[in-house]
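Where a number appears in this text, it was derived from the coordinates with a stated rule and is not lab data. Fair warning: this is a prediction, and the values are worked out from it, not measured in the lab. Methodologically, a virtual Cβ is constructed for each residue, glycine included, from the backbone with ideal geometry; neighbour enumeration extends over all protein chains shown.
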Amino acid sequence: MTQTNPFIAALAQRGLQAVVVALIVGIVSFAMMQALPGDAAYRIAAGRYGYDMMDAASAELVRQELGLDRPFWAQLLQWLGALATFDLGQSAVYGTPVIDEIATQLGYSLLLAAGAVVVSVLIAVPMGIAAGLRPGGLVDRVSLGISILLRAIPAFALGVVLVLIFAVQLKLFPVAGFRGPQHLILPSLTLGLGLAAVSNRVVRDAVVEAMDAEWRLFARTKGLSARLTLVRHVLRNASLPVVTYVGVQMAYLIEGVVIVETVFAWPGIGHALVHAIFGRDIAMVQGTALALGLIYVALNLVIDLACRAIDPRTRAT
Amino acid sequence: MSDMLLSNLQTARWPKIKAPRAAGFVMLAGLAICVMIGPDLVGQDPAKQSLLSPQERPSAEHLLGTDHLGRDMAARLLSGAQLSLSLALLSVLTAGIPGTAIGVLSAWYGGWVDRGLGAFADAVLALPGLLLVLMLAAIAPGSWWALYAGISLTLWVEYYRYSRQRARIVLSSPAVEASRLLGLPVRLILLRHLVPEIGPGLMTVAAFGAATAVTAVAALGFVSVGVRPPTAEWGVMMTELLPYWREAPFLILQPVACLVITVLALHLCVGGLHKR
Amino acid sequence: MHLRSSAALVAAVFLSLSQAFADTKPVTIAAPWEVASYDVAVSGFAIQKLEILENLVDADENGVLEPGLATEWAASDDGLTWTFTLRKAVKFHDGTDFDAASAALALRRAWQQPGILEKAPITAIEAGDGTVIFSLSTPFAALPSLLAHATTIIPAPASFDTDGKPVALIGTGPFAVEKFTPPQSISVTRFEGYWGDAPEIETASYLAAGRAETRALLAESGDADIVFSLDPAGFSRLSAVDTVKTTAVPIPRVVTLKVNAAHPFLDDPRARQALSLAMNRKGIATAITRFPESVASQLFPPALNMWHNTSLSPLKHDVEAAKALLAELGWAAGEDGILVKDGDRFAVTLRTFPDRPELPLIAAALQDMWREIGIELTVDVNNYSMIPQGHQDGSLHLALYARNYGLTPDPVGTVLQDFGSAGGDWGAMGWDRPDVAEALARVAATDDEAARAADIALVTKAIQDELPLIPVVWYQHTVSVAQDLENVIIDPLQRSYGLSEMNWAK
């Protein structure tokens, strides 16, 4: 085999993937929007004018304005053609360029997602290691109980309870909105706790298994101290599934933020996507899905590289 | 070494029933009975309203109180158990089995198969899951099957990723390579080496996956997508009862408690498969 | 005004409000309505309430018309030409002059867009010498009232780009936009060049919080000073919190049931009366909306003054009478208790939408109430556009929604649209009463109170007797206000948050 830099190879592979994803996302989201029941002109008019002003006449005006009676392939070709020039079109509902909407909202969502991952890692890793080092011990059982509880509480209920405690009672953080860093804390905590509920168990299991593996016995007999064993072997081996899992979570997160965005009045992309689907705002749905798809690809690249760095065995193929 | 693995395998097959596991099985059995008998257990109609007595505290007439429309909570929880638990089970199965199978296949064959399946998975996953669920729910409004399908479609990735990652490591271990060289049957290799390695982790993922399925329905209800009234389902009930969380917190806590019990029971049951 | 720029995004998020802290404390308003567009046809409601853009005609909280950007108006003798004299020395936020050309441009645009002006028989809108002149095809007395509506607010010509696309929010109001983050928030500052009295409040911000739970928590924590549209549970909770005052104002919005009067099961008025009699409105108003006094005894609530007909006998709850009426129509209970006639089950579908959270609850309550008289109701909670669509294609059976008869100070435009000939998307369906349509046309053409009264009585009686729409409950507009904020006027027509009138306690 020729000596290609694995980093470059990974980059090229993901670059190709990004193009494929762009095509698939565009076509599939377009096709699904077409498959939805109901008349798009009516939905768009509803999204624009609200229930007090929307009626059949406004729907007809929308149909003419947007050319919704053209054959669907003509509309799809137009979108793809525009995409080639990096033009995502205009929101059918708001009349603003899709790229502007996404630029604003994706930024806020990424901020929230990053905050949530930080919270979840800060909680899950120490808790998981503590539980994993003594499986069946008190820490293990308590963390399992808390994890189950957090997982069974829907995010919106967790959100309002956190607001009640930290914003209304203790007055530590603001309730909702997005004016400063302090506004990021409660939504991140809400999301992060839900993530940590599962990931601390993944960390725990990984640590248990790593501790169990035979080479640990070898390492011990080689005369390494218990602490060195933990750092060198157990944590290194345990971090592989954890990194993979955090990656999966990130993919959920970016779209899973919709609930938290709604509860905390945060102007994010999950919220925008839901509205776009309800309002049949095809350009918005395509643009949003495209942005999320590309982020997914970028995330995969990061995970790939992280896994390669951690475990040489995954470099084999 | 193979003796040790064999003994491991045996404990996996015939685990010693310990107290927590027994408790888990008892709880699961209790839930199963509730599901089978359903609302008849309390002899109340889960859809019957009494607008003049909403949000009543538990009493002899209404064991768990009444909801915001004066419906009997106990009857609704039992009726909801049927839907929620079958949803949880179905979504775990439909997401877990193909997800794990694809993950193991990728790891077993490696090379082009792995790359092909990986590319396929990535292509599906690059579509936002929320988009898929909302679309499916919107294509067939009020349909349970659309919800099942949508939720499974977004959950299978977890199983795929996890099993592929772990299987690659296990299958490249010297023990497995030796078994492959010896020409042992594939089934045996998988059973002997792979299942004990990835089983426990998958079970953890699945037990939480059951909870995820129910809270996903709640989340969908939150953005006003989902089932039609007067259907009772735990996730839907959580959404419906949220507005009354300050006035009558015991109401929203009930479906949450039901879900906690279910997930706890699942964990206790699979807990025996964990090493130590 | 600050346009969105993607580059400065993260910086902007964290840049906090350190900049514009003036002498008075800013006022924070939270409400459910999102603002996502620069187009006044789309988000005029939110912009009008914040007093950023203004109308030619204003209205006080009792619905009495007052001069706005127009100082006076008059119709010609034949009623076909209306002249609005514009206020002088008015400036837009960008410093340009407000004049006849800019007013006519904005109104022509409003007229061509979906909006309130399409309800009027307008043939032309011209700029005169310091005036705007409307030409009509038939007399329409309610025209000034339409010019008080949110979709007829006047943006500056600079609000549009060269293609005529709206790209900014520049108006003449007492507050100018400081920062706009669609769809969630707008910050405004006092406009020093305002033509009227300068408000005391210097800065304010608006936060769209979609969930009622969030809004209640915002009010309770003091993060928001004025919170609009509280849910019943949040309202009762906040009534017990001593840092805020809560108010409920009756508004001319009605939860009503649209009935397809052309449907074979529902074409007899007796069938619709049976549906109405089987409704326990008291139960709905007590348990769901929690204002027991707002049970709808007729379609138009007392807030609509002339249109509320006190001589009508109120709608009743009588399950036995409902059953008797249906039996009279030939329906008999089948094996499962559901009525059957000629092999048809009395199974109908009701369409409603979740944007107003009480609607699906009321639908679920109706489902249970009608089961008692043997009607099987399927509730379809969907997008609200399914209601006009179902009206147009005839597929609709029943629809539950909240109709606002207070869009304009004089509701005749809306009533005419709903009950005029052929009915309306949000009004009667398959209900053929030419006399009602003619009476409404006469009401629209005149503003002579006495001449209107008889026709209005005819219309309201016909609606009450034949129930093309079955009213369920009237609305209360719920608001919480911080204890130390004074002179907050709650506008039942929801045209303004009253920012320019209020002040902090000294």
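Sorting the segments C:495-505, C:337-347 by their residues' average number of neighbouring beta-carbon atoms within 10 angstrom, most packed first, yields C:495-505, C:337-347. One way to sum up the overall shape of chain B is the equivalent ellipsoid from its Cα gyration tensor, whose semi-axes run 41, 24, 12 Å, largest first.
Taking only the C-alpha atoms of segment C:357-438, the Rg (one decimal) and the largest Cα-Cα distance, Dmax (whole number), read 14.6, 42 Å. With Rh defined as the Kirkwood radius, the inverse of the mean 1/r over Cα pairs, the Rg/Rh of segment C:87-214 is 1.00. Against the compact-protein benchmark of 2.2 N^0.38 Å, the Cα-based radius of gyration of segment C:285-354 scales to 1.55.
Principal semi-axes of the equivalent ellipsoid, √(5λ) from the alpha carbon gyration tensor of the protein assembly as shown, are 55, 35, 27 Å from largest down. Volume per residue of the convex hull around the Cα atoms, evaluated for segment A:132-215, comes out as 109 Å³.
Pairs from the table (C:Lys49/C:Lys179; C:Lys258/C:Lys316; C:Lys323/C:Lys461; C:Lys245/C:Lys506; C:Lys316/C:Lys461) lying more than 20 angstrom apart at Cα are C:Lys323/C:Lys461. For the options B:Trp234, B:Trp144, B:Trp112, a Gaussian network treatment of chain B with springs between C-alpha atoms closer than 10 Å singles out B:Trp112 as fluctuating the most. Rounded to the nearest 10 degrees, the inclination of helix C:212-221 to the longest alpha-carbon principal axis of chain C is 50 degrees.
For chain A, list the DSSP H helices whose alpha carbon atoms reach 20 Å or more along the long axis and whose average Kyte-Doolittle value is 1.0 or above?
A:6-35, A:98-133, A:138-152, A:282-310
Taking a ≥ b ≥ c as the square roots of the eigenvalues of the Cα gyration tensor of segment C:250-476, is the shape rounded (a/c under 1.5), prolate (a/b larger than b/c) or oblate? In terms of gyration-tensor shape, prolate.
Using a Gaussian network model of chain A in which every pair of alpha carbons under 10 angstrom is joined by a spring, one finds that among A:Phe72, A:Phe278, A:Phe156 the greatest mean-square fluctuation is at A:Phe72.
A helix-only calculation puts chain B at -24000 deg cm²/dmol for mean residue ellipticity at 222 nm, using -39500 (n - 2.57) for each DSSP H run of at least four residues, averaged over all residues. Computed over segment C:363-506, the convex hull of the alpha-carbon atoms projects to a mean area of 12.6 nm².
Taking every C-alpha pair closer than 8 Å and separated by at least 6 residues, the mean separation divided by the residue count of chain C gives a relative contact order of 20 percent.
Compute the FRET efficiency between C:Lys25 and B:Ala178 as 1/(1 + (r/R0)^6), taking r as their Cβ-Cβ distance and R0 = 60 Å, and round to the nearest 0.05. My answer for the efficiency is 0.20.
Compared with the rule-of-thumb size 2.2 N^0.38 Å for a compact globular protein, chain C has a Cα radius of gyration ratio of 1.03.
Classify chain A as rounded, prolate or oblate, taking a ≥ b ≥ c as the square roots of the eigenvalues of its Cα gyration tensor: rounded when a/c is under 1.5, otherwise prolate if a/b is larger than b/c and oblate if not. Oblate. The relative contact order of chain B comes to 26 percent, based on Cα pairs under 8 Å that sit 6 or more residues apart.
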